[in-house]
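I have placed the structure first, in the form of structure tokens, so that the comments after it can refer back to it.
Derivation of every value follows stated rules applied to the coordinates shown; laboratory data play no part. Model, not experiment: these values are computed from the prediction. Methodologically, a virtual Cβ is constructed for each residue, glycine included, from the backbone with ideal geometry; neighbour enumeration extends over all protein chains shown.
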Amino acid sequence: MRIAVGGFQHETNTFAPVKADFAAFERADAWPRLVVGEELWDEIDGVHIPIAGAACVFRCAGAEMVPLSWASATPSAHVTEDAYERITGLLLDELRAALPVDAVYLDLHGAMVCEHFQDGEGELLRRVREVVGPDMPIAISLDLHANVTPEMVEHSDLIDIYRNYPHTDMAETGARAARHLLTMLGTGKKPAKAFRQADFLIPLQWGCTFHDPAKTLYGKNLLQVLETGITSISFACGFPLADIHHCGPSVVAYAEDQGTADEAADAMIASVQAAEADFAGKIYQPDEAVRLGHNADDDRPLVVADSQDNPGGGGPGDTTGMLRALLAAGRQDSLIGVFTDPATADKAHEVGVGGIFDARIGGKLFPGDEPVEVEAKVISLGDGVFKGTGPMWGGANFQMGKMALLDCNGVHVAVMSNSMQAGDQSMFRHLGAEPSDYDLVIVKSSVHFRADFQPIARDVWVAAAPGPVYADPGALSFFNLRNGVATRPRA
């Protein structure tokens, strides 16, 4: 068996301020840089991503894997036309050169929006299908936040989607997709498929599978449908910050016959619709989170999500609302980060450990924001090169550029040069800051941080300082969303 293997990942927040150009995909962060051909295997080795899980399954099955290309960039606004066409062109060129192959596996996200296409993955799959023809099996893995489209379903033969948020099952999902592809090759048969869409958007924070309703939907409802003997079923919560026609939750089901696939998809989407009103929770204002966060009886930290500046959802990573609240309250037992601020990181390295300088932290990228001007003492410095240690990013090769930990009137502020959400404690430990030593830890993340931080926390709160990763998509103006879709869950 010769199986072509590749991927192209981007989660697009169309309300964010910064687009993803070609250089954004050339940079490594926690995930590998843009790679083409045989270099792919070294780059994904030991990294917890779907393509690594798929490769393990193919290797164990004795398949010959033909590497195409793989690329990802930190979530942001639209992928530029130049970046999309160049990266898609690389993948398709490698695919043409690889022919003949028996099947194709692609590691995609499912929420890529380009300057010239609303559905980046659907267009990519259409072009792949054009190259390989109608009969070749194509399997793909997608993120739980995929905005699955009819075109993605049409041009692939099987879609498998993460079941955990935080995404601690990325490699596992790639492995499932790979096993399904091998089954198609072994039997010579493709499954029937069914696709359904919900009629409301799920806010990012409340799709977390640590609590209901998502916990039950993925842990009980989905498994009950799987037990009926179908080939596969997946539920995507969707990415609600994309103003596109097919934004929103969806279900894809596969079975030996169309009737069984339709029944499975109908049953799962009914469970999703029935849970609509439960996708809600408490959102704190910055001053609330800081003021109410004390607890003298428990020495574990309160962990607060600076959810609207999550670089994992398209935030710039430099908004200042939560830092201003900390400084105003004089919280000298707090840690906040990680700010994407290469200028401040450079200045900290210039003055060195123990040095003091007039810092201008953050506030440079989000419209209406301004830097926080504060005297900063450099506590520690780092080169930004370290290994991830938590459940989601364990084994990841972080390359965050110059980093620094600053003391700003008693508030400890972590800054870095390359953008990445604060989802792994190693990002702070690289600078000598142990999160469990603080009373209050504020992380620029929405949900993924929970995998590594919730076990050490006395409680986890969600706060909403100004930023583009909007906690309430109902507050946004959508122009492309299909008719009848509610932009927030209805009671």
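Details
- Under the Karplus curve 6.51 cos²θ - 1.76 cosθ + 1.60, θ = phi - 60°, whole-Hz ³J(HN,Hα) for the stretch 29-36, x wherever Gly or Pro sits: 10, 8, 9, x, 6, 4, 9, 10
- In a simple Cβ point-charge model (Lys, Arg +1; Asp, Glu -1; nothing else charged), the chain has a dipole of about 440 debye relative to its Cα centre.
- Hydrodynamic analysis of the stretch 207-267 uses the Kirkwood radius over alpha carbon pairs. Inserted into Stokes-Einstein at 4 °C and 1.567 mPa s, it gives a translational diffusion coefficient of 104 µm²/s.
- Shown here is the pair-distance distribution of the stretch 41-163: with all Cα-Cα distances grouped in 5 Å bins from zero up to the longest one, the shares run 2, 10, 21, 24, 23, 14, 4, 1, 0 percent.
- Cross-link pairs Lys220/Lys282; Lys19/Lys377; Lys19/Lys444; Lys193/Lys220 - those with Cα-Cα distance over 30 Å: Lys19/Lys377
- Semi-axes of the equivalent ellipsoid for the stretch 2-278, Cα gyration tensor, largest first, Å: 26, 23, 17
- Long-range amide H partners of Asp459 with built H, under 5 Å: Val303
- Option label - volume of the Cα convex hull per residue in Å³ computed here, alternatives (i) 308; (ii) 132; (iii) 266: (ii)
- Straight-distance crosslink candidates among lysines, where the alpha carbon sits under 16 Å from Lys387 and sequence neighbours closer than 8 are dropped: Lys402
- Using the Cβ of Pro137 as centre and a radius below 14 Å, the other residues enclosed give a net charge of +2, where K and R count +1 and D and E count -1.
- Dipole size of the stretch 2-278 about its Cα centre, with +1 on Lys/Arg Cβ and -1 on Asp/Glu Cβ: approximately 440 debye, rounded to the nearest 20.
- Ignoring lysines fewer than eight residues from Lys190 along the same chain, none have Cα atoms less than 17 angstrom from its Cα.
- The value given for the stretch 390-473 is a Kirkwood hydrodynamic radius of 14.0 Å, derived from the mean inverse Cα-Cα separation.
- Residue among Ala98, Phe357, His294 farthest towards the positive dipole end of the chain, charges placed on Cβ: His294
- Amide H partners (placed H, <5 Å) of Asn13, local residues excluded: Ser76, Ala77
- Given +1 at the Cβ of Lys and Arg, -1 at the Cβ of Asp and Glu and no other charges, the dipole of the stretch 295-335 around its Cα centre is 160 debye to the nearest 20.
- Residue-averaged 222 nm ellipticity for the chain, from DSSP H runs of 4+ at -39500 (n - 2.57), nearest 500: -7500 deg cm²/dmol
- Here the 3J(HN,Hα) profile of the stretch 134-148, calculated from phi with Karplus coefficients 6.51, -1.76 and 1.60 at θ = phi - 60°, is x, 8, 6, x, 10, 10, 9, 10, 10, 5, 4, 8, 5, 8, 5 Hz, Gly and Pro shown as x.
- Computed on the stretch 2-278, with alpha-carbon pairs under 8 angstrom and 6+ residues apart, the relative contact order is 20 percent.
- For the stretch 249-260, putting each phi into the Karplus relation 6.51 cos²θ - 1.76 cosθ + 1.60 with θ = phi - 60° gives couplings of x, 7, 10, 10, 10, 9, 7, 5, 9, 5, x, 5 Hz, in residue order, rounded to whole numbers and with x for Gly and Pro.
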